[in-house]
Amino acid sequence: MAARKSVVLVTVDCLRADHCGFMGYQRPTTPFLDGLAGESFVFPAAIVAGVPTYYSLPAILASRYPLALGREVLGLAPEEKNLASALKEEGYAAAFFGAANPYLSARFGYDFGFDAFHDFLDGELASLSNQEDTSLKRAGWAGNLNRALESVSHKIPGMGAAYDELYFQYCQRCAAPAPESLDRLRRFPAADVIVDEAHNWLASVGERPFFLWLHFMDPHSPYYPKEKGLEILGENRLTATRARYLNAYWKRFDIGSKHLRRYRDEVIALYDAGICWVDAQIARLVEIMRRDKLWENCVFALTADHGEEFLEHDGRFHAPSLVEELIHVPLVLRAPGAARAAVSSNPFSLLHLAPTLLAAAGLPIPAEFQGKNHWKHIQQGTAWSEPAISECIARCTNPSLDQRRGARLLTVREARYKMLLNFDDGTEYLFDLEADRGEQTPLPGAARMPERRRLLKAALAHLRRSTSRQSSEAYLRARVREIGLNPTTAAATTRCRLGESSRDA
């Protein structure tokens, strides 16, 4: 009997598809992954199910649309079926090592099914970002004076902007001590730390098949890459002092995009260096697995939770939005013994990733998963037909309960056409991505009516399915968690509510 295949899933925060060499990027950000792509399935149009992390990961790990359980539910519901729990039921060891993304934590249900779950949110890196704050508007007489000057200057026509610029430059160039290093500025553990943890865990697994999920944060803002990442890219000129200045300037909201663009290339260089360091550490992980004879029988997938904006639509970072630079991510899938074939250019929703990975490993797929198994399509090089749907809540930049109750943004994306529906202001946009790759000019309202009707029909069917799931057990468990009841009480309350529902029916 053949040994069961292990599964490794790597997710990289903020990794855009068009910043990977195997997707056509000219800068050498991913030399190792470029080589791996030659023996893997590379998806031309992998699309996340939501933006940012708290709207994308439910689809990746649990094959569920982010709003399927309602706006109030964040993350996974308690004990929601996911890749880890499904594999654990099959006898797999399971571990997660994540670089301190607060939304990928036990608090939001992501630990269910894992034997080892290390999210680095326990204060281990509390001292690492203490050199980034250069503000003088803190407690004390200096802070009070600066706040008073700010208030007065903004009451005088033309003086507010001048004060803001002078204050910013003084804080950055004069008031702040020089940072010791990029390592001291970084807010998240670098990729080498995560791979070290994975290495130690793999050594403890023994002969069991395993599921290993790694989440890297190196390309995430603030952009403080490892110095070796900068060296690999030939960007040694970007010192810690310069990086701190660029990050501080890039997060300013008192100036427009015209002023921000002067530093865009340097900011992107910092971002790309983060990608480069992730690539180097994935290479190290694969080398470890090869040395320990774990690689040849391993299904490996690399993707991202979303991309990153660099003013293409005047946006920065990854606030809830569904533009292409945020929803189009890389996806590389390698499976032992599978002959490489060209993957369809039709959009592949990451909703389908979990069932497809299980199929590639020869394992059963939970009935609870909303996504479809496309493993046969991938092996045969044939196309699937359904569009990719992405959704989030407009302006939900800090997912408090009030913000989560906002209006929905929804896209329906085919290979050529993409529809964006904004339920906040009632607008509808249709883009022809073949003619308008930058997604800058929506088609006139009367144009392409057959395509418009088809995409609207798909959006309506999606909304109806979402509404039907909001009385499910998973929804009730998540809502009980929101109000702070313990798991035992939550389970009892859920059973009671479900019993009442069935009697009422």
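The values are calculated or read from the model by the stated rules, or taken from the named source; none is laboratory data. This one's a predicted model, so the numbers in the text were calculated from it and none came from an experiment. Here Cβ is always computed from backbone atoms with ideal geometry, including for glycine, and neighbour counts include all displayed protein chains. For the accessible areas, the whole protein counts, side chains as well, though only heavy atoms, and no ligand, DNA or RNA atoms are used. Shrake-Rupley method; radii C 1.70, N 1.55, O 1.52, S 1.80 Å.
The table below lists the values:
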{"read-out": "Cα-projected label distance for K258 with H154, points at 7 Å along beta-carbon direction, nm", "value": "2.2 nm"}
{"read-out": "Spin-label proximity, E39 to segment 273-304 - amide N less than 11 Å from point 7 Å beyond Cα toward beta carbon", "value": "287, 290, 295-298"}
{"read-out": "Charge tally in the Cβ shell below 15 Å around L443, where Lys, Arg are +1 and Asp, Glu are -1, L443 excluded", "value": "+1"}
{"read-out": "In nm, spacing of pseudo-spin labels at Q403 and A106 (7 Å Cα→C-beta vector)", "value": "2.5 nm"}
{"read-out": "Options H259, N200, A248, ranked by Cα towards positive dipole end of segment 143-279, top entry (Cβ charges)", "value": "H259"}
{"read-out": "Computed helical MRE - 222 nm, the chain, DSSP H runs ≥ 4 contributing -39500 (n - 2.57), nearest 500", "value": "-11000 deg cm²/dmol"}
{"read-out": "Accessible-area value, C174, 1.4 Å probe, nucleic acids and ligands omitted, Å²", "value": "90 Å²"}
{"read-out": "Ranked packing of 386-397, 324-335, 413-424, 361-372, most packed first, by mean Cβ within 10 Å", "value": "324-335, 386-397, 413-424, 361-372"}
{"read-out": "Reachable aspartates and glutamates, given that their alpha-carbon falls under 14 Å from the alpha-carbon of K155 and they are not under 8 places away in the same chain", "value": "D164"}
{"read-out": "Cross-link reach list, lysines versus K457, counting only Cα pairs under 28 Å and skipping chain neighbours closer than eight places", "value": "K372, K376, K418"}
{"read-out": "Segment S345-L145, extension gain: residue separation times 0.36 nm, minus the distance between their alpha carbons", "value": "66.1 nm"}
{"read-out": "Distance between segment 279-356 and segment 238-271 - C-alpha centres, whole angstrom", "value": "27 Å"}
{"read-out": "Heavy atoms of R290: accessible area, 1.4 Å probe, square angstrom to 10", "value": "100 Å²"}
{"read-out": "Segment 184-274 shape via C-alpha gyration tensor axes, a/c threshold 1.5", "value": "prolate"}
{"read-out": "Accessible surface ranking that places the most exposed of Y271, Y163 first, with a 1.4 angstrom probe", "value": "Y163, Y271"}
{"read-out": "DSSP beta bridges in the chain [antiparallel fraction, %, rounded to 5]", "value": "55 percent"}
{"read-out": "T441-T467 FRET efficiency (beta carbon distance; Förster radius 41 Å; 0.05 resolution)", "value": "0.80"}
{"read-out": "Candidates per trypsin sites (Lys or Arg not before Pro) in segment 155-231, loop by DSSP, up to 13 other Cβ within 10 Å", "value": "K155"}
